[in-house]
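*Asks:* Following this message is one structure expressed as structure tokens.
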Amino acid sequence: MSEARPMSTMARVNVGLAARYRKERRFKFFGLAAIVASLMFLALLLASITAKGYTAFRQTEILLDIHLDPAVLDVNNLATANYAALVRDSVQTLFPRVENRQDKRIVAKLASTGAAYQVQDMVMNKPELIGSVKSVWVLADDEVDMFIKGHIPRNVPESERRISDQQAAWIDQLTAAGRLQLAFNTTFFQAGDSREPELAGIRGAAMGSFFTLVVTLVLSFPIGVAAAVYLEEFAPKNRWTDLIEVNINNLAAIPSIVFGLLGLAVFLNFMNLPRSASLVGGLVLTLMTLPTIIIASRASLKSVPPSIREAALGVGASQVQTIVHHVLPLAMPGMMTGAIIGMARALGETAPLLMIGMVAFIVDVPHGFSDPATVLPVQIYLWADSPERAFVERTSAAIMVLLLLLLAMNAAAVFLRNKFERRW
Amino acid sequence: MQKIARTLAAAALFAGSAASVQAADGRDYISIVGSSTVYPFSTAVAEQFGKTTKFKTPKIESTGTGGGFKLFCAGAGVDTPDIANASRAIKKSEIETCAKNGVTQIVEIKVGYDGIVLANSKKAEQMQLSRKDIFLALAKEVPSPEGGDQLVANPYKTWKDVNPTLPAEKIEVLGPPPTSGTRDAFVEMVMDHGCEEFAAIKALKSTDEKKFKAVCQTVREDGAYIEAGENDNLIVQKLEANPKSLGIFGFSFLDQNADKIQGSAIDGKAPDFEAIAEGKYPVSRPLFIYVKKDHVGKIPGIAEFLAEFTSDRAWGEQGYLAEKGLIPMPKDEQKAVAADAKALKALSGKE
């Protein structure tokens, strides 16, 4: 029995060694498995979004020979001319054999209602075109687009798809004549929201996000840094500062909708700021990101070694000079990283904006801080809830754009940290 | 560093003051709030209106009917919304709130109908349901299957248990949560009716209306009815993945996804455009917009917006709203409503 004769230390180590190696391998394996699993989910998410969304970056267009009829286009009154009729006539001339009134209407619907605005822009920019016949690629209707992209299947009974056999035949006829093409979807990046999927774009929401984030950054960064510097460098350590610290940490964990309610009560009802404006959105998101920035800034101030402060004070610098000339510049990379991460969180936020009216249908691209605006995540939410099938791919495409922006911001944070951070 | 901070703070203050000045001198666009069911229709009108007139495109928030009225009735000033979308008629209590806050002249405009459908995947068979079947399948408490007037916790597991002519599939219905207007309408139009087929419960209506409502409108919570959120697209996707379940949502989603899902016939009528328009399909509800009469003239374009909404090219049988899934009213009714809208005939306050 082992109890009878005590083992040497080496022997005891050797007995347990295999088990210890196994344990270490298991530990490593679990860690690796966790990372592989999370990467797999990420890949799955990205793949499904990309697979659904990439088609939205291309849009079906129809080549029309539009006769810019001087009888319809009065040079003195170009803004109110009937451009829709020009488009309708030119689609109908492509199908001379369609005579029945009802069918003619359906034929005219192959082109998007947005085609008329395209023609209008063209004529208003170049009035000398009037009288000529101009070949232009105009947007196709969203259902034609879905059909071309294969999102409306051919092999189901006619009653079950939004494109009838007759329409399918017309579309095939256009394809055969080379009058249909898939082109890069510029509308998606240039337009505001629309109820017609082919006319809907993310420009409005992107500008709204931009204005909102500018307000958030301009307010939350200086306030956050100032608060952190005071708490870290000047404030006495007592029960009050402890209380403040606990509260700041608490605020960082509060559900964001609460900040929305606060914003509704204070900014809209009390201060009478305009509803749905990116200014108010920015104010609400400032409240939300402040704790994050304060915590990150304090951490980076703490990491500046005391020797720097002592050296500065030692050669006769005042406390303010010490902080402004030496401590702050050294802590800045960490503070900026914190700010960017806070901004990235603010960019993805929808819940607090619901309360202040930024979950809204807004067609016009905002031009200032007080224009009604919406933001990217809200646009995604609104499109995801729309019945039209063409919005499915646009939703995914907007998600891709949002993810890219987030990636860029986080990459910037990593870059700043690596470039400027100093280790002691 | 200090300089930068000072400049930034000054810029922020400036932006703030500029905005409050703007807020004081009023809006030049129409502000609309309310139901997410009416949202797709009023947005379509708003967009058309913005593109074809000299006015700015109205701003439309999707807040839900109740939330919309709350904002709408909050005051009479131009900082409150001009129009509320609603998927039900305004309640008496809401009119009172409005009146208390100075909103006394409200114009009600009925814009059309919306059907609510019970649908399943095309991979399964179309269901033939009666409202009584649906009540028995979804209510929390039902009359005992053994007979008698006693109410028992819902014992039915499969559709066959409810009605022997139905398939022996597990009851599984995906639908909106209680906060949704669609759910309110569904409960009122389907469950209440199914409920009234039982004499004992019907008798309750006159004696104890509260109890009647509790019995008829409480949906079971044992997993047969699954609250699937307000996103109807999500329900459609779930139905496709699980052909054995049914879903409850608005007609426009059935219309857009007719290659994937089919509507169940209710009381012998399948939900299609004609049946709903003619009022033969039993589960359809009117949609409304409510306008503050005092704002007409103060905010530019309200009268013109109403004219666009009530024009034939918008809400007509061939109009662009029909294409979005709005079921138009009969021609005569449309004419009457359009005339009232033009005259801005305010609610009398009785209802």
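Nothing in this text is a laboratory measurement; each read-out follows from the coordinates by a stated rule. As the structure is a prediction and not an experimental result, all values here were calculated from the model. A quick note on method: Cβ atoms are made from the backbone with ideal geometry, for glycine too, and the neighbour counts reach across all protein chains shown.
*Asks:* Which of (1) hydroxyl-bearing (S, T, Y); (2) out of contact with any helix residue (DSSP H, G or I) (no Cβ under 8 Å at 6 or more places or on another chain); (3) at the interface with another protein chain (Cβ under 8 Å from one of its Cβ atoms) is the odd one out, the single condition A:Y381 does not satisfy?
*Replies:* Of the numbered conditions (1) hydroxyl-bearing (S, T, Y); (2) out of contact with any helix residue (DSSP H, G or I) (no Cβ under 8 Å at 6 or more places or on another chain); (3) at the interface with another protein chain (Cβ under 8 Å from one of its Cβ atoms), the odd one out for A:Y381 is (3).
*Asks:* Where residues in segment A:170-204 are farther than 18 Å from A:D142 by Cβ and touching a Gly at 6+ places or on another chain (Cβ under 8 Å), which of them is surrounded by the fewest Cβ atoms within 10 Å (Cβ to Cβ)?
*Replies:* Selected residue: A:R203.
*Asks:* Name the helices (runs of 4 or more DSSP H) wholly inside segment A:75-157 in which the number of residues that are on the phi > 0 side of the Ramachandran plot and either within 14 Å of chain B (Cβ to nearest Cβ) or β-branched (V, I, T) (or both) is 2 or more. Working first, answer last.
*Replies:* Values: elements: A:83-94, A:101-108, A:115-125, A:142-148.
No helices (runs of 4 or more DSSP H) qualify here.
*Asks:* Anything in segment B:80-116 that is in a helix (DSSP H, G or I) and out of contact with any Leu (no Cβ under 9 Å at 6 or more places or on another chain)? List them, or say none.
*Replies:* B:K92, B:S93, B:E94, B:E96, B:T97, B:C98, B:A99, B:K100 - these are the residues of segment B:80-116 that are in a helix (DSSP H, G or I) and out of contact with any Leu (no Cβ under 9 Å at 6 or more places or on another chain).
*Asks:* Given the residues A:L287, A:L313, which is the only one that is part of a helix (DSSP H, G or I) and farther than 29 Å from A:F415 by Cβ?
*Replies:* None of the other options fit; the residue is A:L313.
*Asks:* For the subset of segment B:56-77 comprising residues that are assigned to a loop (DSSP other than H, G, I, E, B) and more than 11 Å from chain A (Cβ to nearest Cβ), which member is farthest from the chain's Cα centre (by Cα)?
*Replies:* B:A76
*Asks:* State the number of residues belonging to segment B:277-308 that are among the hydrophobic types (A, V, I, L, M, F, W, C) and more than 30 Å from B:L71 (Cβ to Cβ).
*Replies:* Within segment B:277-308, residues that are among the hydrophobic types (A, V, I, L, M, F, W, C) and more than 30 Å from B:L71 (Cβ to Cβ) number 1.
*Asks:* Does A:R161 fit the bill of being within 13 Å of another protein chain (Cβ to nearest Cβ), in contact with an Asp or Glu (Cβ under 7 Å, 6 or more places away or on another chain) and either closer than 24 Å to A:V87 by Cβ or of a type in the set (A, V, I, L, M) (or both)?
*Replies:* No; evaluated as a whole, the condition is false for this residue.
*Asks:* If you don't mind, another one. I want to confirm something. Restricting to segment A:178-203 and keeping residues that are out of contact with any helix residue (DSSP H, G or I) (no Cβ under 8 Å at 6 or more places or on another chain) and on the phi < 0 side of the Ramachandran plot, which single residue is farthest from the other protein chains (Cβ to nearest Cβ)? Let's see the steps before the verdict.
*Replies:* Of segment A:178-203, the ones out of contact with any helix residue (DSSP H, G or I) (no Cβ under 8 Å at 6 or more places or on another chain) are A:178, A:181, A:183, A:186.
If we keep only those that are on the phi < 0 side of the Ramachandran plot too, we end up with A:181, A:183, A:186.
Working: A:Q181: 25, A:A183: 23, A:T186: 19 Å.
Checked segment A:178-203; the qualifying residue farthest from the other protein chains (Cβ to nearest Cβ) is A:Q181.
*Asks:* When you check B:A241 against the structure, is it surrounded by fewer than 17 Cβ atoms within 10 Å (Cβ to Cβ) and free of Cβ contacts under 8 Å to residues at least 60 places away in the same chain, yes or no?
*Replies:* yes
*Asks:* Could you tell me whether A:F391 is over 14 Å from the mean Cα position of the chain (by Cα) and at the interface with chain B (Cβ under 10 Å from one of its Cβ atoms)?
*Replies:* yes
*Asks:* Only one of A:I254, A:I223 is farther than 25 Å from A:V401 by Cα, outside any helix (DSSP H, G or I) and not acidic (D, E); which?
*Replies:* Values: A:I223 fails: outside any helix (DSSP H, G or I).
Of the residues listed, the single one that is farther than 25 Å from A:V401 by Cα, outside any helix (DSSP H, G or I) and not acidic (D, E) is A:I254.
*Asks:* Kindly provide the set of residues from segment A:317-362 that are surrounded by fewer than 19 Cβ atoms within 10 Å (Cβ to Cβ), touching a Leu at 6+ places or on another chain (Cβ under 9 Å) and of a type in the set (G, A, S), ordered by number.
*Replies:* A:G348
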